[in-house]
Amino acid sequence: MKDLSDHINTLEERLQHLNTDHEARITGLAQQVAAAREEGKSQHEEMLRMFAALQSQLHSVQIPRVSPPEGRSQEHARPGSSNTPIHVRDNKGKGILPTPLPMHDLEEEELVQHWPARHAVPQQQFIPYPKLDFPQFSGEDPQGWLESCRQYFDLYQIPRQQWLGVATMHIFGKARVWKQGYFINRPGVTWEEFTDAVCKRFADVGERYAIREFSNHKQTGSIESYQEKFEELRSQLLHYNPRLEEEFFIASYINGLKEELVPFMDISHPATLEDAYSHAKLHDRALTTMQRKSRIISKGAGGGHQSFNAYKPKEYGRAQAQGSTGGTSQQAQEHRRLIEQRRAAGQCFKCGDKYHPGHQCKNKTLFSLAAEDNVLEVYDEDCLREEEDVAGEEEGNNPDSEEKEEVGLSFNALSGENSPQTLQIQGEVGSKKLKILVDTGSTHSFLDFRVAKEVKARIESAAPLTVTVANGHKIMSKLRSPGFTWNMNDRSYKADLRIIRLEGSSVILGIDWLKTYGKVTFDYNNHTVSLDKDGQQLVLKGLAVGTGLKMLTAKEWKRDCQEGICCAIAKIAQIGECEEQVIPESIKEILQQFEDVFEEPKGLPPTRRQDHRIPLQGASQPVNIRPYRYTYEQKNEIERQVKEMLESGIIQPSTSPFASPVLLVKKKDNTWRFCVDYRQLNKLTVKDKYPIPLIDDLLDELGGSAYFSKIDLRAGYHQIRMDPEDVSKTAFRTHAGHYEFLVMPFGLTNAPATFQSIMNEVFADYLRRYVLVFFDDILVYSRNIEDHKAHLSVVLRTLRGQQLYAKRSKCYFGQQRVEYLGYIVTPEGVATDPKKVEAMVTWPTPTSLKGLRGFLGITGYYRRFIKNYRRLSKPLTELFRKDQFKWSSETQTAFENLKEIMTQAPVLAMPDYTRPFVVEVDACGQRIGAVLSQEGRPIAYISKAITQRNIGLSTYEKEFLAILLTVNKWKHYLSPRQFVIKTDHQSLKHLLEQKITTAVQQKGMVKLTKLDYIIHYKAGKKNRSADSLSRRGFEEGTSAAITTVIPSWVAELAASYRGDEKCQQLISKLLLQPDPQSKYTYSQEMLRYKGRIYVGDQGGVQGKIIHELHSSALGAHSGARHTYKRAKQYFYLPGLKQNVEEYTKGCAVCIQNK
């Protein structure tokens, strides 16, 4: 205890000594701080006195500029720095301090407050930069975040070795998870490595994709949108390659602009990228203004439709062209007088209404003329009304103006229209047919510019020639074709022709050409013109005045469409006599009772339990797509149907954020179906899985029926209401407005399911009894006329009660032959539609896979009628598996055979489920054939190739496989009651009594035990139907020899027992003491285990057997499991499963095709 007490005392003394020493140090430091404060205060006062002393010296000095310190620009100087030198130079170049303001009487605080911030003052007098938060990063826009980080580091002069630590502290979200994994096992990561990793992980595209996207970027919209995307892509490229020069980006920017802007940019030759931006905007604005002034499509004349009037010359005033040039001057004077009157009154030059900025002329009509060299010269009154008056005044006031030659052209000649003073003659230049117009209303002769280029006529420049059209319009001709030669009525003619762009004619022969023949006589009744040439009379026979229609080739059509010429497409079709149905009188009486069912629907349909809904996937944005462009006819049709739908109340104006474009689809009767392109909306819709009936299943219900009525609903979808919550999603946009459906429109992905579910519910009590429903096609079927009358009455009464309306013109009543779902239904059965068969027979030889696919599509629809359809069509279907479409003699033969077979398709009986079915099957070689029949009448066929995997099966197993395939295919016919199977393999007759020994038997008997069947043996000669289906295409021969095939491995089998002790013991025991109860048997030098061949482990026989069962055509590399089952079925090998697995694992073919 004493030692402990002494130790405590010692510690207390040491602690007291330390406290004393510590207090002394603190006192010394406090004195040093006080001294420093006093020294700083004195220095500050000295500085203020120095400023005051220098004020008088610098008061008159003008400060020209403030230069930043060397090595750093002023804007990058760190804020608050007290040692930043500011250099101010006087007129003598000497460095002096900045001049303070006159502040003799200011206190220190006031002086600091008024002193300019840019002067060198103590640190506490600087205005600091505003506090900026460090940029956060959560995985979006990595390049932008890294650039913000660099700016922050530069602004606050953070040392480079601290950049990585500061930046990683501000990473959140999914980026934080990535960051934590990135730094594991990566010590010493540099800032450059980190930024590269961030960009690779979170950038949208890689370097190669960014380069490709940058190269493919083209202007398709406004300059602003193009420039924004360009700058975004440029930023990505610079991140990957900062050394790219600005010239590269300037060239790329120009190349991506619209073609019409590129020449202007080449001329301006911008030096910087900013110059390129500004020049492009200026040129684009100028081009837009020019195009607006010279537009050739009138917004007020049918929207976007470009009529033939767009190529007629501008018609000044309201007078119509009369086909001559007389009166041109008078019309121009009247036009000028009218313009002066309306100008004085402040009226529009065209319509006479009060003119104001933004005025929309109600008589706005625009005409244009296409001139040579692919330039459109547009003449519009708005642009020319001032210039015309000025030009007229200058001509009238110019005494030196010479009288120029007046060249006239009739309006009919320019437009190609017939008139009493024109005569059309057929001409030729080589193989090119010309339409030549002899016109007495034209002073000169002209050649169409396009024709001149096509026939490669000689074209040269000529003095400008103003051509005045009869309606007062002027055309400038600057080209001519000297010595143009052509043929008319088997004679050659030559003339110098002026070149302009004509519509409807190739050549116009005017007065100048007619004068060269002296006396000219026209006979308009006989369409001839007589010319006097050197005393010889030439008679030119003209063409009879026709409809004015011109037949175009596909190339001409494409060219005219590109040039904006309005053309029409007409389909030539033979109109046959309509087969008028004969309705029984008793049926007519019923129809009269339900005439209201065939009326036009009025108002909205009733609300039902299944009003259509449009469930969208989570977080889906509204679909908004601009309308398509439509032809003039389509616009009129859209406006007409929209008006009708508004009047009927099935649509209403919409303010929905949804908007889909409109489509018009031709119906069978050549009327238009109004559809909306809901493809984008359908992508966002949750799909309805309501089952749609199979056509074959529907036809199977018609067995025993003799009378049929088919009812087609009128616009069936429009008889279903939309759910009020989903009305806004059906919104559509036309060229003239925004609307939404109150009823279910066509084109919605779930519309068929909704419609089928409603129809099934409406007719639930009658389906499969005497009513079939496939969407809007309702079929009523009965065994006799009396039942049919009752059934039809029930159906029509149901339609009336449900307020469903039918279209009378598309319905058939009380018929014994009716077309339903592409088939002809009669009391005898179901047959192919003759119209579709005719389409198949007349189908042209395909020249592409698309044409072949169409042919196989229509023939495949009737494949149930055709025996061996798969075999017949195989040469054609094989073309789809090859890389190229190669039509050969084999495919042509298959094509012709398939068309011929289609014309011989039988009438298939409809199944009668009260009578037994008969299935005849046969398997031969490589095919399986089967026929389903009742009372000797075929109902369906099967013809199928045996797969490569089963090609090595025995005849017994193939026949058994044919039975399984057939029963599985037709189980919906066979399952209710007992049926008969007929086969030409006698051993299968005892199938039910046979012992199950093979895998095929085990699998098949499981399926057959659920069915009630009887197997009958039928010799192949008698089983002709099924036999022909399986043997078609194979020649049968006769063989008088008996051959026994012994595989080579059988001879090697005995060698495998030698050296195998177990085998030797078993063989010896069986030879000395045979045991009938033993699992092992030995006969013909072959050891068996439970009937399977025992294979010894000597001589490599086991490996050969596994190889044959796996790698040969029989095995087809089918995998370890199938190879093991196949081997186990016939052989017994110790360790068989393990050996098979090891072999398949080392199989090169299997490894390559995994």
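The values are calculated or read from the model by the stated rules, or taken from the named source; none is laboratory data. All figures in this text were calculated on a predicted structure; none of them were measured in a lab. Positions of Cβ are backbone-derived with ideal geometry, glycine not excepted, and every protein chain shown enters the neighbour counts.
Of the conditions (1) closer than 23 Å to E274 by Cβ; (2) over 42 Å from the mean Cα position of the chain (by Cα), S222 satisfies every one except a single condition; which number is it?
For S222, the exception is condition (2).
Can you find a residue that is surrounded by 20 or more Cβ atoms within 10 Å (Cβ to Cβ) and either touching a helix residue (DSSP H, G or I) at 6+ places or on another chain (Cβ under 7 Å) or among the aromatic types (F, W, Y) (or both) anywhere in region 682-699?
no
Taking region 717-742 only, how many residues are touching a Phe, Trp or Tyr at 6+ places or on another chain (Cβ under 7 Å), within 30 Å of L796 (Cβ to Cβ) and not in a helix (DSSP H, G or I)?
2
Looking at region 433-466, which of the residues that are over 26 Å from T521 (Cα atoms) and aliphatic (A, V, I, L, M) is surrounded by the fewest Cβ atoms within 10 Å (Cβ to Cβ)?
My answer is A463.
Could you check region 657-692 and list, in sequence order, the residues that are part of a strand (DSSP E or B) and aromatic (F, W, Y)? Reasoning before the result, please.
The initial filter retains those residues of region 657-692 that are part of a strand (DSSP E or B), namely 659-666, 672-676, 685.
Once the filter is applied, which keeps residues that are part of a strand (DSSP E or B) and aromatic (F, W, Y), region 657-692 yields W672, F674.
For Q581, are the conditions met, namely being surrounded by 11 or more Cβ atoms within 10 Å (Cβ to Cβ), touching a Phe, Trp or Tyr at 6+ places or on another chain (Cβ under 6 Å) and either assigned to a helix (DSSP H, G or I) or modelled with pLDDT of 90 or more (or both)? Break it down stepwise before answering.
Values: surrounded by 11 or more Cβ atoms within 10 Å (Cβ to Cβ): yes; touching a Phe, Trp or Tyr at 6+ places or on another chain (Cβ under 6 Å): yes; either assigned to a helix (DSSP H, G or I) or modelled with pLDDT of 90 or more (or both): no.
Criteria not met by Q581.
Rundown of residues vs (1) more than 25 Å from G430 (Cα to Cα); (2) surrounded by fewer than 22 Cβ atoms within 10 Å (Cβ to Cβ); (3) outside the structural domain of V429 (by the TED database), yes/no style:
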{"site": "P482", "(1), (2), (3)": "no, yes, no"}
{"site": "D490", "(1), (2), (3)": "no, yes, no"}
{"site": "Y493", "(1), (2), (3)": "no, yes, no"}
{"site": "S506", "(1), (2), (3)": "no, no, no"}
{"site": "L514", "(1), (2), (3)": "no, yes, no"}
{"site": "F522", "(1), (2), (3)": "yes, yes, no"}
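For region 157-244, which fully contained helices (runs of 4 or more DSSP H) count at least 3 residues that are acidic (D, E) and either surrounded by 13 or more Cβ atoms within 10 Å (Cβ to Cβ) or without any contact (Cβ under 8 Å) to a residue 12 or more places away in the chain (or both)? Even if it seems obvious, please write down each step before you answer.
Details: elements: 163-168, 174-182, 191-202, 207-216, 223-240.
Per the criteria, 191-202, 223-240.
For A909, work out the one condition from (1) surrounded by fewer than 19 Cβ atoms within 10 Å (Cβ to Cβ); (2) at pLDDT below 75 it doesn't fulfil.
Condition (1) is where A909 drops out.
Those residues that are aliphatic (A, V, I, L, M) and touching a residue at least 24 places away in the same chain (Cβ under 8 Å), I need them from region 504-538; list them, please. Can you show your working first?
Initially, region 504-538 is screened for residues aliphatic (A, V, I, L, M), giving 507-509, 511, 514, 520, 529, 531, 538.
V507, I508, L509, I511, L514, V529, L538, listed by residue number.
Each row is one residue, and each column tells you yes or no for (1) closer than 14 Å to Y1057 by Cβ; (2) out of contact with any His (no Cβ under 7 Å at 6 or more places or on another chain); (3) surrounded by 13 or more Cβ atoms within 10 Å (Cβ to Cβ); (4) at pLDDT 75 or above.
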residue	(1), (2), (3), (4)
I1067	yes, yes, yes, yes
L1071	yes, yes, no, no
Y1082	yes, yes, yes, yes
L1087	yes, yes, yes, yes
I1105	no, yes, yes, yes
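Name the residue, out of L146, L111, that is more than 30 Å from C199 (Cα to Cα) and either in a helix (DSSP H, G or I) or modelled with pLDDT of 80 or more (or both).
Working: L146 fails: more than 30 Å from C199 (Cα to Cα).
Selected residue: L111, the only one of L146, L111 that is more than 30 Å from C199 (Cα to Cα) and either in a helix (DSSP H, G or I) or modelled with pLDDT of 80 or more (or both).
Looking at (1) assigned to a loop (DSSP other than H, G, I, E, B); (2) in contact (Cβ under 8 Å) with a residue 24 or more places away in the chain, which one does L646 not meet, given that it meets all the others?
(1) is the only condition that L646 fails.
Would you say L604 is in a helix (DSSP H, G or I), touching a residue at least 24 places away in the same chain (Cβ under 8 Å), among the hydrophobic types (A, V, I, L, M, F, W, C) and within 16 Å of V727 (Cβ to Cβ)? Working first, answer last.
Working: in a helix (DSSP H, G or I): no; touching a residue at least 24 places away in the same chain (Cβ under 8 Å): yes; among the hydrophobic types (A, V, I, L, M, F, W, C): yes; within 16 Å of V727 (Cβ to Cβ): yes.
Spelling it out, it is not the case that L604 is in a helix (DSSP H, G or I), touching a residue at least 24 places away in the same chain (Cβ under 8 Å), among the hydrophobic types (A, V, I, L, M, F, W, C) and within 16 Å of V727 (Cβ to Cβ).
Yes or no: region 707-716 includes at least one residue that is modelled with pLDDT under 85, touching a helix residue (DSSP H, G or I) at 6+ places or on another chain (Cβ under 8 Å) and not in a loop (DSSP other than H, G, I, E, B). Write out each step before concluding.
Quick first cut of region 707-716, residues modelled with pLDDT under 85 only: 715-716.
Keeping just the survivors that are touching a helix residue (DSSP H, G or I) at 6+ places or on another chain (Cβ under 8 Å) gives 716.
Pick out the ones that are also not in a loop (DSSP other than H, G, I, E, B) and you get 716.
Yes: one or more hits.
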